[in-house]
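Trainee: Have a look at this one before I ask anything.
The values are calculated or read from the model by the stated rules, or taken from the named source; none is laboratory data. A quick note: this is a predicted structure, and the numbers were derived from the prediction, not measured. Glycine gets a Cβ as well: all are built from the backbone with ideal geometry, and neighbour counts include every protein chain shown.
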Amino acid sequence: MSFLKKLMRSRDSKDDESEDTKKTIAIIGLDGAGKTTILGRLLKSDYALTRPTFGINIEIYKYRSLEFIVYDLGGQTPLRETLWEKFVISADGLVFVLDSTDRKRFDLAAEEFNNALGYNENAPVLFLSNKIDLENAASADEVLDVIDFGRFTRVQRKYSFARCSALTGELLFESWDWLTLELSDDKNLPTTNVKIYGGYIFDSDGSEIETTLLGKPKTQSKHATLFKKGNKEIKKYLRMMEHYDRAETLIQVDEKQLVLTKEGQLVLSVIIGENDPAARAIQIIKNLHKNIERKFETEKTECLKQLLEDNYPLDIIKD
Ligand SMILES: Nc1nc2c(ncn2[C@@H]2O[C@H](COP(=O)(O)OP(=O)(O)OP(=O)(O)O)[C@@H](O)[C@H]2O)c(=O)[nH]1
Ligand SMILES: [Mg+2]
């Protein structure tokens, strides 16, 4: 955070410590890019039908000990001209969303991206090439041809580029984690390990194959209700995602996070601590997807538990 901003904040607020955990993020991009849908997925673990945003949605989003105030700005031409500068100028983080199937407007998107960068020259930038679930989505190379990321390296500005889908959630949480870390002043935020309390294997039709509670018996019984709630949430999500082969999500359950990935017939999920990096958990279960089918053929019980214990001993809860 710039010195001037810090000074202004400490003047405005008596409690400077808590102010430091509040970050503002502006989400911009042309109309229809998927900004509101992305926010819905991140905030409510939901894929809701959206309407064009005529103005601005302001949402508060708590994630990994930070509180984000997110400005979701409408992308239609008049809004770009009147609203963007006002909100982009003071944002701590910038998210630009591109509809990766809207090739006709790539040049326009690039131009608006440039304009926005001119309004705010410091905030870390997350560039999301959205809608990769659609067949005609542009490849990373196609997007990189239109958007000049080299400039960020030249001025040493923090940025990240990711392809994602707000619909299936794919790759969205990884990039959001990147932004969280960039904006956090708390260098103690865990960056590598997570604390896995247990997990599930489901069939994609919603039938449960395994539930695994980890830790000592006392810890397990303490979390039994949490796991029941998680089970319901997974079923709800799978109904919503039944037509999609791949999906990822992050669902808040009580004080914990439930992370889920679906690949074809198999659904894996783990419950982790509330400040743990979801990206790491997603990586773990994606790796397990490969092994679990093999293990199924030989051993039918406690597959997930064993794989976690064998491969990720440092990530599972001990007490
Ligand atoms: N297939 C697919 N459709 C998406 C995805 N993200 C958004 N959409 C759809 O794209 C349309 C526009 O999404 P919005 O989130 O309203 O777009 P926006 O960027 O907020 O648009 P404005 O508010 O007008 O600036 C909606 O019909 C969404 O359902 C995605 O990842 N995949
Ligand atoms: Mg919108």
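Trainee: Pairs needed: first member in region 146-160, more than 14 Å from Asn122 (Cβ to Cβ); second member anywhere, surrounded by fewer than 14 Cβ atoms within 10 Å (Cβ to Cβ) and at pLDDT 85 or above; C-beta distance under 7 Å; at least 6 residues apart or different chains.
Mentor: Close Cβ pairs satisfying both conditions: Val146/Asp107.
Trainee: On to the next question. So if I check each of Glu111, Glu85, which one is more than 13 Å from ligand 1 (Cβ to nearest atom) and out of contact with any helix residue (DSSP H, G or I) (no Cβ under 6 Å at 6 or more places or on another chain)?
Mentor: Only one candidate passes the filter, namely Glu111.
Trainee: Which members of region 57-112 meet the condition of being within 16 Å of ligand 2 (Cβ to nearest atom), more than 16 Å from Val143 (Cα to Cα) and charged (D, E, K, R)?
Mentor: Across region 57-112, the qualifying residues are Glu59, Asp72, Arg80.
Trainee: Would you point out which residue out of Gly34, Gly74, Gly40, Gly118 is under 26 Å from Gly150 (Cα atoms), assigned by TED's automatic domain parsing to the domain that holds Gly150 and within 11 Å of ligand 1 (Cβ to nearest atom)?
Mentor: Gly34
Trainee: Using beta carbons and a limit of 6 Å, which pairs, at least six apart or on different chains, have the first residue in region 31-50 and closer than 12 Å to Asp72 by Cα and the second one away from ligand 2 (no atom under 13 Å from the Cβ) and at pLDDT below 95?
Mentor: Between residues of region 31-50 that are closer than 12 Å to Asp72 by Cα and residues that are away from ligand 2 (no atom under 13 Å from the Cβ) and at pLDDT below 95, the close pairs are Gly40/Asp46.
Trainee: Okay, moving on. Give me the helices (runs of 4 or more DSSP H) completely within region 116-206, filtered to those with at least 3 residues that are surrounded by fewer than 18 Cβ atoms within 10 Å (Cβ to Cβ) and more than 16 Å from ligand 2 (Cβ to nearest atom), ordered by residue number.
Mentor: 140-146, 150-154
Trainee: Output the residues belonging to region 80-95 that are among the hydrophobic types (A, V, I, L, M, F, W, C) and free of Cβ contacts under 8 Å to residues at least 40 places away in the same chain.
Mentor: Correct list: Leu83, Ile89.
Trainee: For region 32-45, state whether one or more residues are within 16 Å of ligand 2 (Cβ to nearest atom), in contact with a Gly (Cβ under 7 Å, 6 or more places away or on another chain) and at pLDDT below 80.
Mentor: no
Trainee: Sticking with this one: For the condition under 15 Å from Leu42 (Cα atoms) and either touching a helix residue (DSSP H, G or I) at 6+ places or on another chain (Cβ under 8 Å) or of a type in the set (Lys, Arg) (or both), what is the one hit in Leu260, Leu266, Leu213?
Mentor: Step by step, each of Leu260, Leu266, Leu213 is checked, and only Leu260 is under 15 Å from Leu42 (Cα atoms) and either touching a helix residue (DSSP H, G or I) at 6+ places or on another chain (Cβ under 8 Å) or of a type in the set (Lys, Arg) (or both).
Trainee: Go through (1) closer than 24 Å to Glu274 by Cα; (2) acidic (Asp, Glu); (3) surrounded by fewer than 16 Cβ atoms within 10 Å (Cβ to Cβ) one by one and return the number of the condition Glu85 breaks.
Mentor: (1)
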